[in-house]
Amino acid sequence: MQMSFDQLGLSADLLRAVQELGYTSPTPIQQRAIPAVRDGRDLLAAAQTGTGKTAAFALPLLQRLAEEQPNPRGSRAPRLLVLVPTRELAAQVGESFNAFGRHLNQRTILIFGGVSPRPQIDALRQGVDIIVATPGRLLDHINERMVDLTKVRHLVLDEADRMLDMGFIRDIRRVLAALPPNRQNLLFSATFSEEIRTLAKGLLRDPLTIEVAPRNAPAELVEHRVHLVEQGEKRAVLSHLLREGATPQTLVFTRTKHGANRLAEQLEKDGIQCAAIHGNKSQNARTKALADFKDYKVQVLVATDIAARGLDITELPQVVNYELPHVPEDYVHRIGRTGRAGATGQALSLVSADEADRLRAIERVLGRKIKVLPLDRSGIRVQAERPAHAQAAQRPQAPHGQRNQRPPQHARQRGEGRRYR
Ligand code: AMP
């Protein structure tokens, strides 16, 4: 039976916010972390972005803040401090606190470097309950006595491994020294180096340890499949699958920019609404392509690995590897865009004979075999690379669009084409 948010002991105000945000059931990390953090336990969590980790700490901590004695109005002393590696993550986490806490009265302030400190100081003067900060700038405010950390009762280190990679350890230690000793501590990290373990050991008391997705382990909810196809028939196969599968959004990966463009053009010719995104496109063109994709104006986005980095598309139903990546870890990044936060996703790879070694390398990184599925070739039309008579239909015409009620548009326009076996 699927768990619901009301079983986690959250207050009515938080449950209402969760419902308004459209979350129906808690993700695995939320199921385990929320009750423990709500009860005041320390937490050590191995979890990456996409697992729902932010809500896993924000919801129970908001509840605790609401239950505790509030600060006097205008106090510059936060009760919750969240340290994050980057400005982008600070913004994201701050947004989550505001969204989940929309029916509560907790004030969140963001603090990060690279911008004027003035507005941050002004915001602090108006009072604060929660600070989400990058360590360096926070330290500046501490040194300038613009912020008082002596009332902090809950601390979160989010993406601790990245903070260490970015050289923040000394700043973190200085910030820790400014905190009172009695507090709840939560540490989130995607990886566990010796340095992280040392940090955790000095910080956490009898922590609940949760591991949702070990390093490089792609979301469990992704179904991986491979179709073995010849290079020359990949486009026809993809085109067919896209039309038959009726998936509203598919992200397709190619290895090269040129390949991305060409594939997008060809799919368009096949009647599939498509956009390409890669390094040679202007920022405007990329933003537009992404917006069109998110708004369902195009069904397919064709991307290269580099262009896809940092693409924020959650809960994408399907990722297709038109070509396998050179670097096996890129496979994990690619498919990390589907099956996020409790949604199921499909990762489909079209693999030609010359890519067999790459497939094996990917399976080694995943630690398991990927299912090779036979391809039903009825209905797949490969452009004439053979003499026409060799392509004459050998088998009865398969019903086009078994799942789609209507045959695809181009088939309707041109009539049924030749079948390839
Ligand atoms: P995070 O791992 O915290 O970066 O969250 C990844 C994405 O999942 C965010 O867009 C969240 O809004 C979304 N999310 C988090 N928890 C849930 C949930 N229980 N149900 C649906 N979406 C969620």
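The values are calculated or read from the model by the stated rules, or taken from the named source; none is laboratory data. Since this is a predicted model, take the numbers as computed values, not measurements. Cβ atoms come from the backbone with ideal geometry, glycine included; neighbour counts cover every protein chain shown. Please note that ligands, DNA and RNA were not included when accessible areas were found on the heavy atoms of the full protein model with its side chains. Shrake-Rupley method; radii C 1.70, N 1.55, O 1.52, S 1.80 Å.
Over the chain, with every protein chain in place, what whole percent of the accessible area is carbon and sulfur at 1.4 Å, could you tell me? Walk me through the numbers on the way to the answer.
On the way: 9660 of 20520 Å².
Of all accessible area on the chain, carbon and sulfur atoms account for 47 percent.
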Theoretical FRET efficiency, 1/(1+(r/R0)^6), r = Cβ-Cβ of ARG102 and GLU268, R0 51 Å, to 0.05: 0.75
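Work out how much length ALA178 to ASP376 would gain on full extension: take 0.36 nm times their residue separation and subtract the Cα-Cα distance, in nm to one decimal. Display every interim value, and only then the final one.
Working: separation 198, 0.36 × 198 = 71.28 nm, distance 6.45 nm.
Length gained between ALA178 and ASP376: 64.8 nm.
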Longest to shortest principal axis, alpha-carbon extents of segment 105-219, angstrom: 43, 31, 30
Heavy-atom surface of the chain, accessible at 1.4 Å and reported per residue (Å²): 49
Coordinate range along principal axes, alpha carbons of segment 146-287, Å, largest first: 65, 33, 26
For the chain, calculated [θ]222 nm from helices alone, where every DSSP H run of n ≥ 4 adds -39500 (n - 2.57): -11000 deg cm²/dmol
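What is segment 238-312's relative contact order, in percent, from Cα pairs under 8 angstrom and six or more apart in sequence? Each step should come with its number before you reach the end.
Working: 105 pairs, mean separation 30.3, N = 75.
Result for segment 238-312 is 40 percent.
Rounded if a/c is under 1.5, else prolate if a/b is larger than b/c, else oblate: which is segment 36-122, with a ≥ b ≥ c the root eigenvalues of its Cα gyration tensor?
Details: a/c = 1.91, a/b = 1.12, b/c = 1.71.
Oblate, because a/c is 1.5 or more while a/b does not exceed b/c.
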Approximate shape of segment 1-160 as ellipsoid semi-axes (Cα gyration tensor, √5λ), whole Å, largest first: 27, 17, 14
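Using just the alpha carbons, could you tell me how many Å³ per residue the convex hull of the chain encloses?
On the way: hull volume 69.0 nm³, N = 421.
With only Cα atoms used, the chain gives 164 Å³ per residue.
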Simple label model, 7 Å out from Cα along Cβ direction - ARG360 to GLN7, nm: 4.5
Förster radius 51 Å - calculated FRET efficiency between GLU194 and GLN19 (Cβ-Cβ, nearest 0.05): 0.75
Spin-label pair LEU228/MET166, simplified geometry with 7 Å Cα→Cβ offset, distance in nm: 4.6
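Take peptides 134-143, 179-188 and line them up by average Cβ neighbours within 10 Å, highest first, as a rough protection proxy. List each step's numbers first, then the result.
Numbers: 134-143: 19.8, 179-188: 17.3.
Highest mean packing first, the order is 134-143, 179-188.
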Mean separation of Cα contacts under 8 Å (6+ apart) over length of the chain, as relative contact order %: 15
Nearest-10 value in Å² for the accessible area of TYR23, using the 1.4 Å probe: 100
